[in-house]
Structure formats: structure tokens, C-alpha cells
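The values are calculated or read from the model by the stated rules, or taken from the named source; none is laboratory data. The structure displayed is predicted, hence computed values, not measured ones. Note that each Cβ is placed from the backbone with ideal geometry, even for glycine, and that neighbours are counted across all protein chains shown.
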Amino acid sequence: MSKPVVAIVGRPNVGKSTLFNRIVGGLVAIVENTPGVTRDRLYFDAEWLGRKFTLIDTGGIEFKDETTPLSSKMKQQAEIAVDEADVIMFLVDAKSGITPDDQQIARYLRKSSKPVLLVANKVEKFTRFEAEAHEFLPLGFGDPIPVSAVHGMNTGDLLDTLVSALPEDAAADYDPDVIKIAVIGRPNVGKSSIVNMLLGEERVIVSDIPGTTRDAIDTPFTYEDRNYVLIDTAGIRRKKKISEVTENYSVVRSFRAVDRSDVVLMVINAIEGVTDQDKKIVGYAHEAGKGLILVINKWDLVIKDEKTINKYEKDIREELAFVLYAPTQFVSAKTGQRINKIMDLVEFVAEQTSRRISTSTLNNLLREWVHLNPPPSDKGVRLKILYATQSSVQPPTFIFFVNDPELVHFSYKRYLENQLRKNFGFEGSPIRMIMRKRD
Ligand code: GDP
Ligand code: GDP
């Protein structure tokens, strides 16, 4: 499912990060929590009145080149907002009125067809502001919504308006039978090369009509009678529009693609190995419960003997120890080596994320597992696992009914997960385990 994206833009010092933190701070309690992964200065998954969205502070986007002039930074931030966001919050400073920088940003935003909410920050006297609001009309976005980010004044009303401007949920993008693939990775790891090779394969038949969902252009295709869609990330097939795409920004793009996908192909450069950004995205895919395949590309550049693959495999596993379930595939988009294995693996992983285990099979085995390795007791109280059931798929989710969830230690949970995997596979798929109290 795809979450709408809301971008905050505005010249420096109007209070973008203050507003961002105010919104994020006020929402933390009700936000679906994915610890450590989506918490970031730049973007945040938020929820208001039951609507989920991703909030981006474009002012937090870092530029590789520190000497980038301010006007060019503002232009790029506005472009990113226009490209990526479903709704743009354009922040101005009520105290200083319109400045040339505000006018410059307004010019970019007016060119887009995206909804823009003009927000006047640093308002101290709301009644007096009503008389001053017309000052901002020349920007071309009507009367601003007044707020004080520092004091949290009127920010609730702002969120109400924001939520009503969000597009309808694009959840039903494609038929549920269609397997959606996101190809993720840092710039230059070879994503477009892999995609082009994949789509050029004999057994792959690309549909003539591209799938369009909102602003993205996806590529539907069939492979051995099954329907797939390749989700377009970072304009893989369009070729990058934004020249200086900065790393922390492309993470946001990747998150969005992961949200919409069933199976994530995480492309890693064999020479560079796993980067922090890779870890972040893999962590996000894991939390989001998506199928995951690690594609190690540029294998042609590695000088190898018969032990090389094992060494690489080991290094990658160490870096990404929390997704030991993800299969690896060493490929070269240059020579085409093993590219033809990718689709079979995608199909296999997609099946694994949708596997259902019957309650009777599960409980017969569970009794054995507990018998083989009885749960340890804690302060004289022993954990009792009464029974288990698989409650859902994508990802496979198991509920264990226990006498006291507090008694389930991390290591015992891991033991149960290992047993599930040993018996049922679930390669490439995360598994969720919920411990529930039952007397
Ligand atoms: P950004 O550069 O747009 O992200 O702006 P910041 O969030 O860093 O804020 C710039 C300055 O404006 C800081 O000193 C803030 O404390 C101040 N500021 C932000 N919101 C308000 C507000 O509602 N009222 C007042 N008086 N000051 C504010
Ligand atoms: P993207 O930015 O991730 O989409 O990466 P591209 O597909 O544009 O590839 C970046 C560069 O790496 C291009 O010059 C490709 O020709 C090159 N490249 C891609 N895959 C391979 C590979 O398997 N081996 C080698 N040697 N070069 C590759």
C-alpha cells in the first residue's frame, strides 16, 4: 500500500523543522511504530484522523556539494517536493511578509498541479492576522493558514486541512494476484541495467501499456504466465530527472517503492559491499514485512577463486544479520550472468510470503519443539505455550498463546522462529510472531 507523501517547503528560517518536529512530536503516540527505521530528521510516517502519510522536511535534505548556492538548493528542494509529494505545505513567515525567496519558491510550485497549502508561521495574534492575511495573496495560493509552530497553535486545524487534501488511498493499485517488485539500491549499483536485462529476457513479456498509478510509471509484464509489475523507483526507466539526487532523499523514494511492493530486490555493489543506506532500506523492508532478495551486482568486476562467493556471502550476512532469511544472488548486469535466475527467485519468495500453515500441523510441531527445548523459567515462573495459529500472510504472522508474554525471552522467540523456518521454509520472507496472554 502506498502512503501519500506530504512535503514541507519554504526558504530557510521560516520554521520548517520546527513545524515538522511539532507535528511529529504531537503524533508520536499514535504513529505505527517502526523503531529506529523511519525516525529521521527528514521524514516521518505520521497518522492523523486515521489517514497515514509520510512527512518530508525538504529543508533537511543534505546536498553532497556544500558549496551549492542557496537559490539552487531552494530550487531543488521545491523540485523534489513537486516531484514526490502528493500535497505540498508551503511555509512562509508571517512576521517578515513576502520575500524574494518566497516568490521564487512560489514560482516553482505554481508550475505544478499538486495541491499546495500556504501556511503562515510565527503568528502571535491570530485575530490580528486575519487582517494581514491578504498580504500573501500575491503568492498565488489564496489566504494562508496561520500557525505558530513553536507554540503548537492551530497546528491541529492545519492537519485537518492537510488530511482532507490527501488523495484517495491508492491501495488497490493492482490486482492482488499481481506480484509487485521494487528494485532498490544506491545510485550506480546497476538498478537500471538489471531492470533492462530482466525485461529483455526471452520468457519475459512486457505489456505494451505502462501501468500508471498516480505519478509513477510502472512496467507490467508476464513471466511464465504470471503477472508482475516493476515499480519504478528513482525513474529507473525514465532515467534520473534530478541530477544531484542526494542520498538521504533517495531513501525516502525507496521507502515509498518498498511500501507499494511485494518483493524487494535490494541491489548491492559487489565491490563496495553493504552501505549504511542499504541497511536502512533493508531494515525498512523487513519492518514492512516484504519479501526480500539480495542481488549482488557487478560480480564480473570481482577477481575470484572458488572461495570468493562464500567470503562475500559471509560478509554480507554479517552486515545484514537481521535478514538471514533473504536469499542472495550474485549477478552481473554487464555480462548477464545469472540475471535469468532472478525471476524464478522472485516468484518463489512471493509464494513464501503468502504461505499458510494449518493450525493442526503447526500445533503438532509446536508440541515437539517445546518438548525438545522447554522454555526456561524466570524467577520460578515457567513460560507455558498453549497453542499457536497463523493469523495472516504477507508477511506470515503467528500468534502464540502463552501464560505470560513477559516470560518470552528474545532467545526463545528466536528458537521458535528458527523452528518455523526449518520446517516450513519462508525463505525471503520476514515472519511476525505475536505473544498473547491466555490463562
Ligand atoms: P527552517 O530553517 O525553516 O527549518 O526554520 P527553523 O524551524 O529552524 O526555525 C527558524 C527559527 O524560527 C528558529 O529560531 C525557530 O525557533 C523560529 N520559529 C519557528 N517557529 C516559530 C513560531 O511559530 N514563532 C516564532 N516566534 N518563532 C518561530
Ligand atoms: P543505477 O543508477 O543503479 O540504475 O545504475 P546503472 O544501471 O545506471 O549502472 C551504473 C553504471 O554501472 C553504468 O555505467 C553501468 O554500465 C555499470 N554497470 C551496471 N551493472 C554492471 C555490472 O554488472 N558490471 C559492470 N562492470 N558494470 C555495471
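Here are a few things to note about the model shown:
- Hey, residue 337 polar (S, T, N, Q), within 14 Å of ligand 2 (Cβ to nearest atom), under 23 Å from residue 426 (Cβ atoms) and not in a helix (DSSP H, G or I) or not: no
- Residue count for region 219-237, restricted to those that are under 17 Å from the mean Cα position of the chain (by Cα) and at pLDDT 75 or above: 2
- Of the numbered criteria (1) in contact with a Pro (Cβ under 8 Å, 6 or more places away or on another chain); (2) among the aliphatic types (A, V, I, L, M); (3) not in a helix (DSSP H, G or I), the one residue 349 fails is (3).
- Considering (1) at pLDDT 95 or above; (2) under 17 Å from residue 185 (Cβ atoms); (3) out of contact with any strand residue (DSSP E or B) (no Cβ under 6 Å at 6 or more places or on another chain), the lone condition that residue 330 does not fulfil carries the number (3).
- Only one entry in 318, 368, 313, 351 is within 18 Å of residue 429 (Cα to Cα), surrounded by fewer than 19 Cβ atoms within 10 Å (Cβ to Cβ) and of a type in the set (D, E, K, R), namely 351.
- Residue 401, sole failed condition from (1) out of contact with any helix residue (DSSP H, G or I) (no Cβ under 9 Å at 6 or more places or on another chain); (2) in a helix (DSSP H, G or I); (3) among the aromatic types (Phe, Trp, Tyr): (2)
- Contacts under 7 angstrom Cβ, first residue in region 5-22 being within 6 Å of ligand 1 (Cβ to nearest atom), partner of a type in the set (Phe, Trp, Tyr), 6 or more apart: 10/90
- Taken as a whole, region 300-308 holds no residue that is of a type in the set (S, T, N, Q), within 15 Å of ligand 2 (Cβ to nearest atom) and either more than 30 Å from residue 3 (Cα to Cα) or not in a helix (DSSP H, G or I) (or both).
For (1) among the small types (Gly, Ala, Ser); (2) closer than 23 Å to residue 6 by Cβ; (3) in contact with a strand residue (DSSP E or B) (Cβ under 7 Å, 6 or more places away or on another chain), each residue gets a yes or a no:
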position	(1), (2), (3)
57	no, yes, yes
70	no, no, no
81	yes, yes, yes
85	yes, yes, yes
90	no, yes, yes
110	no, yes, no
118	no, yes, yes
134	no, no, no
143	no, yes, no
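- If you go through region 285-310 and keep only what is within 30 Å of the chain's Cα centre (by Cα), at pLDDT below 95 and of a type in the set (D, E, K, R), you end up with just 287.
- Test for residue 198: is it buried (at least 19 other Cβ atoms within 10 Å of the Cβ), touching a residue at least 40 places away in the same chain (Cβ under 8 Å), away from ligand 1 (no atom under 16 Å from the Cβ) and under 28 Å from residue 276 (Cα atoms): yes
- Residue in region 314-333 that is more than 25 Å from the chain's Cα centre (by Cα) and either without any contact (Cβ under 8 Å) to a residue 12 or more places away in the chain or part of a helix (DSSP H, G or I) (or both) present: yes
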